[in-house]
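Single-structure report; data block below.
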Amino acid sequence: MNGEPPLGGSDTQTTFDSWRWQYQNRLKSLNDLRPYLPEREVQLLYEHRVKINLGITPYYLSLINWDDEDDPIRRQCIPTASEYTDRQCWQPDPLHEEEQCPLMDGQPVIGLVHRYPDRVLVITTDECSMYCRHCTRRRLWDDGIRHRTPHEFERILDYIRKDDGIHDVILSGGDPMTLSVTILDYMLTRLREIPHVEVIRIGTRFPVVLPQRFYDKDILDVLDRHAPIWLNTHFNCANEITPASREAIMNIRKTGATVCNQTVLLKGVNDTPEKMLALCRKLVSIGVKPYYLFFSDMSTPAHMRTSVETGMNILEEMRGQISGLAIPTYIVDTHLGKVPLLPNYVAEINGDNWILRNKRGIIRVENPQV
Ligand SMILES: *Cc1c(COP(=O)(O)O)cnc(C)c1O
Ligand code: SF4
């Protein structure tokens, strides 16, 4: 089952480094997967779905170790039939995002999720560079892709302009990096004109699956012009951190952006303390702050989910073995908001004495009555 990326052209290195070439040469159909999967698996997939959204760049594909059936990169990008058969976990919108789409003039502001008073999330497009098999928002792309219309973008901007309690705008999707530089620049320009918008974030998986995008000056200039941007990306395993992704992150940071990472806890990808430590250590080494570790939502296929305790155990093991800089906050996300989970470090409260525990032992701390 060996697959080489379909390199073309005479100067393959230059080609491989071109994001347009990477984007255009993504594996996009079941037919494109044929060289990489047993025919039986392809047939099974065809039986369930004729069209499956896929978008695997030759770069991301090249990171797969095909000798390992459970390769963590393969698990994230190559569909399996069980994704469409084991549907006990499969909920289209586990976080009730559609219900939290606000109204303006009696009509929904399509593309907006307003869950917290001070922050909004903008679904700028349904399109992604890769369609991750564990995606929380797969409802957006599983049955076809929609783009925001110019009218929808204007309504989103109007809504944000009118609510001066909104201080933080998250451009998400889909992946906003699939938008043209012109649209992205337009949105950022309009948002920067709104006095109460203090923070702008972009959520994108491009540094992971298509880091070559950030070799180009056009996009870096946009980030620079609207600095400082908070860029949240989505690395899930240490193998995803390569010289190419490192270069992308360094280029992004030079624009004044801060780069944070949101990981989803996934079986076979990052579900042991060793794997999570390796990921977070590498993230910090390339200048990325591990921000959140998300417990998988009810949209993730059953074969990729873990127990809640798996994450607690990982966090417990990390503390003390690695700097706090490398430790994300473990979150169970719900329609009522994010709920952080921490191992319980308070063993007992005894009058003025707090009895605390960690991996190394138990300690009494006197609580001053002030
Ligand atoms: C996660 C999320 C945010 C951002 O939350 P932070 O804790 O500030 O990162 C905002 N809006 C929605 C709908 C979210 O799901
Ligand atoms: S990049 Fe994000 S939004 Fe796109 S498919 Fe992956 S998890 Fe979903």
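The values are calculated or read from the model by the stated rules, or taken from the named source; none is laboratory data. Since the structure is predicted, the reported quantities are computational estimates derived from the model, not experimental observations. Because the Cβ atoms are built from the backbone with ideal geometry, glycine has one as well, and the counts that use them run over all protein chains shown.
Descriptive notes on the structure:
- Flag for E98 being among the charged types (D, E, K, R), within 14 Å of ligand 1 (Cβ to nearest atom) and either at pLDDT below 95 or part of a loop (DSSP other than H, G, I, E, B) (or both): yes
- Among the residues making up the stretch 116-133, those that are within 16 Å of ligand 1 (Cβ to nearest atom) and surrounded by 19 or more Cβ atoms within 10 Å (Cβ to Cβ) are V120, L121, V122, I123, T124.
- For the stretch 298-341, filtered to residues that are hydroxyl-bearing (S, T, Y) and more than 28 Å from E98 (Cα to Cα), the residue that is surrounded by the fewest Cβ atoms within 10 Å (Cβ to Cβ) is S323.
- Just one of the numbered conditions (1) among the aromatic types (F, W, Y); (2) within 22 Å of L293 (Cβ to Cβ); (3) more than 13 Å from ligand 2 (Cβ to nearest atom) is not true of Y46: (2).
- From the options N232, N270, residue that is touching a Gly at 6+ places or on another chain (Cβ under 6 Å) and either touching a residue at least 24 places away in the same chain (Cβ under 8 Å) or within 18 Å of Q76 (Cα to Cα) (or both): N232
- Subset of the stretch 162-173 (residues that are at pLDDT 95 or above and within 16 Å of ligand 2 (Cβ to nearest atom)): I170, L171, S172
- Residue check, I183 farther than 30 Å from R49 by Cα, within 16 Å of ligand 1 (Cβ to nearest atom) and surrounded by 16 or more Cβ atoms within 10 Å (Cβ to Cβ): no
- Residues in the stretch 233-247 that are crowded, with 20+ Cβ neighbours inside 10 Å and touching a Lys or Arg at 6+ places or on another chain (Cβ under 7 Å): T233, H234, C237, I241.
- Of all residues in the stretch 153-169, one or more are touching a helix residue (DSSP H, G or I) at 6+ places or on another chain (Cβ under 7 Å) and under 30 Å from I327 (Cβ atoms).
- Restricting attention to the stretch 36-91 and to residues that are at pLDDT 85 or above and acidic (D, E), the residue that is farthest from D126 (Cα to Cα) turns out to be D67.
- Which numbered condition I145 misses (of (1) surrounded by 15 or more Cβ atoms within 10 Å (Cβ to Cβ); (2) more than 14 Å from ligand 2 (Cβ to nearest atom); (3) assigned to a loop (DSSP other than H, G, I, E, B)): (2)
- The stretch 248-276 - residue that is out of contact with any helix residue (DSSP H, G or I) (no Cβ under 7 Å at 6 or more places or on another chain) and of a type in the set (A, V, I, L, M, F, W, C) and, of those, surrounded by the most Cβ atoms within 10 Å (Cβ to Cβ): V264
- Check on Y292, within 16 Å of ligand 2 (Cβ to nearest atom) and surrounded by fewer than 23 Cβ atoms within 10 Å (Cβ to Cβ): yes
- Where a residue in the stretch 95-117 is in contact (Cβ under 8 Å) with a residue 60 or more places away in the chain and closer than 22 Å to I331 by Cβ and its partner, wherever it lies, is among the hydroxyl-bearing types (S, T, Y) and part of a strand (DSSP E or B), with Cβ under 9 Å and at least six apart: L95/T334; H96/T334
- Filter result (among the hydrophobic types (A, V, I, L, M, F, W, C) and away from ligand 2 (no atom under 16 Å from the Cβ)) within the stretch 113-137: V120
- Among the residues of the stretch 339-360, the one identified as touching a residue at least 24 places away in the same chain (Cβ under 8 Å), of a type outside the set (A, V, I, L, M) and in contact with a Phe, Trp or Tyr (Cβ under 8 Å, 6 or more places away or on another chain) is N358.
- For the stretch 50-70, a residue qualifies if it is among the charged types (D, E, K, R) and either assigned to a helix (DSSP H, G or I) or touching a residue at least 12 places away in the same chain (Cβ under 8 Å) (or both), and the qualifying residues are K51, D70.
- Where a residue in the stretch 178-197 is touching a residue at least 60 places away in the same chain (Cβ under 8 Å) and its partner, wherever it lies, is of a type in the set (S, T, Y), with Cβ under 8 Å and at least six apart: M187/T124
- Criterion violated by E47 - all others in (1) assigned to a helix (DSSP H, G or I); (2) within 16 Å of ligand 1 (Cβ to nearest atom) satisfied: (2)
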